[in-house]
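For reference, the structure is listed below as structure tokens.
Bear in mind these aren't lab numbers, they're just calculated from the coordinates by the rules spelled out. Note that the structure is a prediction, hence the values are computed from the model and not measured. As a convention, Cβ positions derive from the backbone with ideal geometry for all residues, glycine included, and neighbour counts pool all protein chains shown.
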Amino acid sequence: MTQLVIIGIYLALLLFLGVFSSRMFKGTSKDYMLASHSIGPFLLLMSIFGTTMTAFALVGSSGEAYKEGVGVYGMLASSSGIIHSLCFFLLGIKLWSWGHKYGYTTQIQFFRDRLESDRIGIILFPILVGLVIPYLLIGVMSSGVVISSITEGAFTDSFAAYDYGVPPWLGSLVISLVVLIYVFFGGMRGTAWANTFQTIVFMVLGVVTFFVISAKLGGVQAASHAVLEKNPSKLMRGVDPKDRERYAERYNTWTLIAKYNYARRIAKTLTLTPEQKAEAYQEFKPRMPNWEMTAEAIYASKNSLYTLTSEEVNKALLIQDDRQMPDPFPEKWQMGLMSHHDLQEYPRKANAEDEKALLIFAGKIGHPEKDLDPNDPSKGKNWTIKKALGVYRASNWAPDAPHPMSKLVFFTYFFVPLSVGMFPHLFQHWLTARSAGTFKLPVVAHPLFIMIVWVPCVLVGVWATSATFEGAPLFPPHFPANAVLAAMVKKMTSPVLAGFLTAGILAAIMSSLDSQFLCLGTMFTEDIVVHYCGKDRFTDKQVVFMARMFIILIVAITYGFSLLEPRRVFTLGVWCFSGFSSLFPIIFAAVYWKKLTKAGVYAGVLVAISSWLYLFKESKYALEPNYTFLGMMPVATMVVLSTVAMIAVSLVTRPPSKETVLRFFPED
Amino acid sequence: MRYAIYGLVVVLIIIHQDNWLWDDERLIFGFMPITLLYQACISIGAAIVWFLATKFAWPHHLEEIAQESPAQETGDTE
């Protein structure tokens, strides 16, 4: 409950800030959308940084480091330090100067002017809005997961289905409403202030989290040495031979469990007597919950208590790993044995673990603050549903195979941060700058700020792979990556600190949501309503009102999607950024290439989006987290294809008029 | 000078691809994975390059272009 109170106070503070900044609101749409070009270097740095660092940075980076190891930093953080500032330097300042000179508020206004094309807006508007929605989704989903994880056991009787904590749908709803309210009242000025405040909060609390967690793990050296001992591959991008050996041993044991379960449950040719079970347990050293099954499986195999055909063994593996059973069963698997790689070709049944785990561990699930056995407190507390699911996955599913990071994938990740060049919300932030000189601080400090946030998150995520807490492993295998940071904060800090640290995580999430909400409202009013209905048809107040109404609509749509969306934050983020990156050649050419034509841009945009849709479908709509195309990140192909289409078509179509060229390139 | 800065950015992009550390699991200062330390240094290197860009390759002429714009509202924030 303490955590809930602290989160509530923090959210109230944000609302106050939004309402307070609205008192400085000048009542004009320009002030609502661009804060009257009044933002100085510090506010610009903090608002741009807060906007680009979202749930992706805190929740996603720690979760992905937990899954993939320290290479995650080089893949996205250090490359972003170079590329983001490059975009601010090459695009931000120039677009700011044109925005200031010609009165742009949105990207589409710039493109319409630069390309002498009204229709480009019709094409770009749905694409940009469509790409911002998954970006919003990342924040909305993560906020629900974080609040739910951290408030487990906060209620005595309510929300039993959510481990007596705030349900994710409610957490997401509250966060969406809070951001909506302060964007509603404060506009761009409120957003810039709230972003600055929240960026300071999440940076300070992020560093505090790092030190508190490392102290609980016995210090930074002890935490890293535990990884070196148990999961050395997480400290590099290759695979350590020790990890390969450990995996081979674990996979072998897992196949024994699969075969044992098949023999007794499906073939019904095996039942261990109580004496045999006692003998099995005697020989086995218990290490984790549900260890009895492993002991029985090893015992049954060692004593050759069953025989299965190749087909039965393959079916046993598919059933044990909750994979979909192919129908008809392939001929090749009636003879030969499936490898782990073959097994993974068959998709896992959606939410397979939910029903089974709740059935198997029904007697252990309850309020997490109450004892499992009131007469014997030594048995520990009740299990949460999340723990039951975790134990089920850890004891039933095949262990993860260690895999190296591909050098080509690492290199082609460089294309992902190009997305900032096309983020419509960042374009709007650039235009808020008071002067070109305002950009100097963000350009220089951005890579350092990324380092300050990402290095601790990546270390904490890697430590989580090998940490033990109160004598037991902190996380079982197959633990959901998105929940790693929140679970560590919950388990390893006091309720008061956990409340503050959660506020820090939520701050990072909300500081992106606000800019995106505002930007979508601005685009709708400026690029659609005012553009097509005429500037004089509506008063400024009506324009602001329409922006607000559109924001509410987008929040409602995103919230609806968040209730359905189970994908990994990091994977979803990479796809969303890839879409924006595929449009980067267009903005770059619009700023630096005089011969760019509107037909060239149409071609580039259409090829970018078609290739994005095709590859997104091929990745099973982001359900395949390690999907590559030609051994590279799919984004590399998208960027190359859109560039080629744009250049080729521009070279053979009519160039823009002399007036337009002179307007944007007077020095030539 | 502008081209020298762009050259440094290209150097950063090349040295970012640290293939020689791919299989290196060493801990520096007893806790910092060498890969992570190297990439953190790339971030510091990027900040230095961008600092040099603001000193020696800043597009001052864009400030003047913007000032040619029609009357703007003056701000009061920060």
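Think of each Lys and Arg Cβ as +1 and each Asp and Glu Cβ as -1; about the Cα centre, that makes the dipole of the protein assembly as shown roughly 660 debye. For residue A:323, the residues whose amide H sits under 5 Å from its own are A:349, ignoring neighbours fewer than 5 places away on the same chain, with H placed 1.01 Å from N. Subtracting the Cα-Cα distance of residue A:221 and residue A:564 from their residue separation scaled by 0.36 nm leaves 119.4 nm. Given their separation in residues at 0.36 nm each and the Cα-Cα distance between them, residue A:20 and residue A:277 gain 85.6 nm when the chain is fully extended. For residue B:28, the amide hydrogen comes within under 5 Å of the amide hydrogens of B:34, counting only partners 5 or more places away or on other chains and with H modelled in the peptide plane. Using only alpha carbon pairs under 8 Å that are at least six residues apart, calculate the relative contact order of segment A:77-230 and give it in whole percent. Relative contact order comes out at 10 percent.
Spacing of the modelled spin labels on residue B:10 and residue A:335, each 7 Å from Cα toward Cβ, amounts to 5.7 nm.
Taking the number of Cβ atoms within 10 Å of each Cβ as an exposure proxy, the fewest-first ranking of A:406, A:149, A:395 is A:406, A:395, A:149. Toward the positive end of the charge dipole of chain A, with +1 on the Cβ of Lys and Arg and -1 on the Cβ of Asp and Glu, the farthest Cα among A:144, A:57, A:308 is that of A:57.
Summing Cβ point charges (Lys, Arg +1; Asp, Glu -1) relative to the Cα centre of segment A:242-396 gives a dipole of roughly 280 debye. Would you tally the net charge around residue A:600, using a Cβ to Cβ cut-off of less than 13 Å, leaving residue A:600 out, and scoring K and R as +1, D and E as -1? Local net charge: +4.
Mean sequence separation of contacting Cα pairs (under 8 Å, at least six apart), scaled by the length of chain A, corresponds to a relative contact order of 30 percent.
Look at the dipole of segment A:566-668 built from charges on Cβ: of A:600, A:588, A:630, the Cα furthest out on the positive end belongs to A:600.
With R₀ fixed at 51 Å, the C-beta to C-beta distance from residue A:657 to residue A:553 puts the FRET efficiency at about 0.85. Label-to-label distance, residue A:292 versus residue A:251, with points set 7 angstrom from Cα along the beta-carbon direction: 3.0 nm. Working from Cα pairs under 8 Å separated by at least six residues, relative contact order for segment A:242-396 is 19 percent. Straight-line reach from residue A:277: taking Cα to Cα under 24 Å and skipping same-chain neighbours fewer than 8 places apart, the lysines in range are A:259, A:268, A:285, A:302, A:356, A:364, A:379. Computed from label points 7 Å out along Cα-Cβ, the spacing between residue A:618 and residue A:9 is 5.3 nm. Restricting the chymotrypsin sites (Phe, Trp or Tyr not before Pro) of segment A:302-409 to loop positions (DSSP other than H, G, I, E, B) with no more than 16 neighbouring Cβ atoms within 10 Å leaves A:306.
Taking Cβ atoms as reference points and 15 Å as the exclusive limit, the residues near residue B:49 contribute a net charge of +3, counting Lys and Arg as +1 and Asp and Glu as -1. Backbone amide hydrogens, once placed in the peptide plane, bring residue A:381 within less than 5 Å of A:372, excluding anything fewer than 5 places away on its chain.
In order along segment A:382-389, phi translates into HN-Hα couplings of 4, 7, 7, 4, 4, 5, 4, 4 Hz, rounded to whole numbers, per the Karplus curve 6.51 cos²θ - 1.76 cosθ + 1.60 with θ = phi - 60° and x for Gly and Pro.
Cβ-Cβ distance of residue B:3 and residue A:200, R₀ of 35 Å, FRET efficiency by 1/(1 + (r/R0)^6): the value works out to about 0.40. Note on segment A:253-302: the C-alpha convex hull projects to 3.3 nm² when averaged across all orientations.
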